[in-house]
Amino acid sequence: MQCTPEGEGAGRREIRHFIDDLRTPDWLIDTKTTAKTIRRNERNPVKSTKTDIVVLGAGPGGYTAAFYAAERGKKVTMVEMEKRLGGVCLNRGCIPSKALLHTAKLISEAEESGFRGVHFEKPTIDLNQMRAWKESILDKLAQGVSTIAQRRKVEVMEGRGYFEEAKTLRVETSKGQKYLTFDQAIIATGSRAAMPTAFDLGNKRIMTSTEALEIDEIPQRLLVVGGGYIGMELGTVYATLGSHITLVEALDTILQGADPDLVRPIIKYAERKFEDVRVNARVHKMATSGKQIKVTTEWNGQTKDELFDRVLVSVGRAPNSANLGLENTGVKLDEKGFIKVNDRQETDEPHLYAIGDVAGGVLLAHKAYKEARIAVEVIMGEHSAFDHIVIPAVVFTDPELAWCGVTEAEARERKLTFETAKFPWSASGRALSFDRTDGLTKLIIDPLTERILGVGIVGAGAGDLISEAVVAIEMGATARDLAESVHPHPTLSETLSEAAEMYYGVATHALTAKKKS
């Protein structure tokens with residue numbers, strides 16, 4: 001047989017590839033290797049383990065999906081690249097930030113108790129002990145997740161998952177590669193703190209929320225870039241611990257998306273506790289200057305250079321959708337890298353689902369919980385969809401801010417017919433009893449049906465109070481339903497029923513000219 005030069009070259013290339021495959025250990029194969037390349041040497045087929053459902057990611061969405069599917073009788077394997085389960089929320093987000101905010105709350109209450117006749121000495125901060133306490137909380141929670149996984153017979157595989165094809169996942173573990181074949185997979189890889197390229201100097205003094213939560217030190221001067229919930233929460237922590245905070249927000253207000261009347265008490269707190277709050281301001285560049293960061297900002301038409309000991313960049317989050325092998329599947333991403341899903345959490349690839357942060361929308365753990373259950377129910381053949389589901393939002397600032405349903409701004413934008421009813425906490429006996437009268441409870445009401453369309457609360461404990469509002473909206477409750485439901489006295493929950501009474505002009509503890517027959 002006579003080969004052409006082209007055929008001869010192709011044959012030599014195949015021989016070289018075969019030899020390379022024999023020489024190269026599995027753990028050195030690049031993550032971009034495609035399924036076609038892996039299958040080149042058919043004389044050494046890859047051994048794989050079969051499971052019903054693979055869940056990629058062990059955060060709130062991932063472990064909820066895994067546990068729920070296991071309870072429904074499915075064989076489930078959960079793949080997580082980190083040693084401690086729980087994802088960002090447990091390890092570098094919701095839980096550690098709330099632990100530190102509680103510490104800040106204790107310090108603030110001690111400082112402000114003097115006029116009650118109770119005086120405390122200035123607190124001494126032990127950062128090592130604080131970190132150890134915080135880590136102990138995370139360890140307990142992560143161990144709880146691990147124990148539940150064992151009890152529900154969910155196999156946990158530690159390693160980085162990569163889709164070789166639509167129904168095969170390669171897992172890079174410390175002991176080499178493992179392969180899983182499955183009927184369905186749920187992608188729950190979450191998100192990470194975004195860091196603009198212009199700010200990414202490789203200097204540890206420029207932090208995201210991940211590094212800020214480690215509390216390595218209390219910087220004297222801290223610049224917070226971004227006035228969203230992460231910037232405001234961590235700014236609150238560091239300000240209470242003793243840092244001089246400068247906040248820079250590019251938009252015209254902090255906590256964009258919440259109604260201005262609810263944000264107002266938080267702005268007042270920030271103006272009192274922070275050194276400077278700048279809205280409609282921009283950071284043009286950063287540069288290392290000795291042991292500080294030189295930052296060029298523009299505000300009120302002026303550009304100036306300032307030095308800060310540390311910078312916290314909190315300008316949003318980016319999805320963890322890269323390096324998963326999704327290009328080997330039919331899964332499609334949007335322009336920001338989030339996985340496209342329908343209201344059944346289905347991707348464009350049959351049998352692959354996506355939930356939580358990586359699927360976009362509001363990036364909240366409790367949204368991921370709900371999406372996890374929907375995905376599993378769809379896999380089980382049930383009719384389930386993310387349709388008209390009320391997802392509350394909570395910002396754990398001081399005071400706290402929470403809302404659910406339609407905001408007043410959204411109602412105006414959608415040209416809805418609505419009315420509002422507000423109850424000021426200055427009229428709440430419970431709020432007066434612990435000197436937190438800076439709160440407000442607000443209802444958005446459809447005047448035709450009197451149904452509650454939305455609720456917003458700002459004040460101490462707002463995050464715990466909002467759940468009643470979620471139930472009311474989900475159940476289609478009217479303002480009269482809320483007004484006539486007996487609430488215990490004296491509590492902050494009374495502000496919900498009294499706000500409803502305000503709508504009818506019959507509130508017991510506040511005057512209003514509004515009358516509703």
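Bear in mind that the values in this text are calculations on the coordinates, not laboratory data. Small disclaimer: the values here were computed from a predicted structure and weren't measured. Here the Cβ positions follow ideal geometry from the backbone for every residue, glycine too, while neighbour counts run over all protein chains shown.
Some notes on this structure:
- Partners for Lys122 among lysines (Cα-Cα distance below 19 Å; same-chain residues under 8 apart left out): Lys105, Lys273
- Antiparallel DSSP beta bridges within the chain, as percent of all bridges there, nearest 5: 60
- Pairwise centroid distance, computed over Cα atoms, of the stretch 201-216 with the stretch 66-135, Å: 18
- 222 nm mean residue ellipticity, helices alone, for the chain (DSSP H n ≥ 4; -39,500 (n - 2.57); rounded to 500): -10000 deg cm²/dmol
- Simple spin-label estimate for Gln143 and Arg272 gives 4.0 nm between the two label positions (7 Å along the Cα-to-Cβ direction from each Cα).
- Low-density loop cleavage sites - GluC sites (Glu not before Pro) in the stretch 95-192, where at most 13 other Cβ are within 10 Å (DSSP): Glu112, Glu121
- Among 467-479, 74-86, 493-505, 245-257, the peptide with the highest mean count of other Cβ atoms within 10 Å heads the list, and the full ranking is 493-505, 74-86, 245-257, 467-479.
- Cut-off 11 Å between beta-carbons: net charge of the residues surrounding Val331, Lys and Arg +1, Asp and Glu -1: -2
- Charge tally in the Cβ shell below 15 Å around Ile391, where Lys, Arg are +1 and Asp, Glu are -1, Ile391 excluded: -3
- Cα shape, the chain, gyration tensor, a/c 1.5 rule: prolate
- 14 Å beta-carbon shell around Lys285, net charge (K/R +1, D/E -1): -1
- By average C-beta atoms within 10 angstrom, highest first, the peptides 174-181, 264-271: 264-271, 174-181
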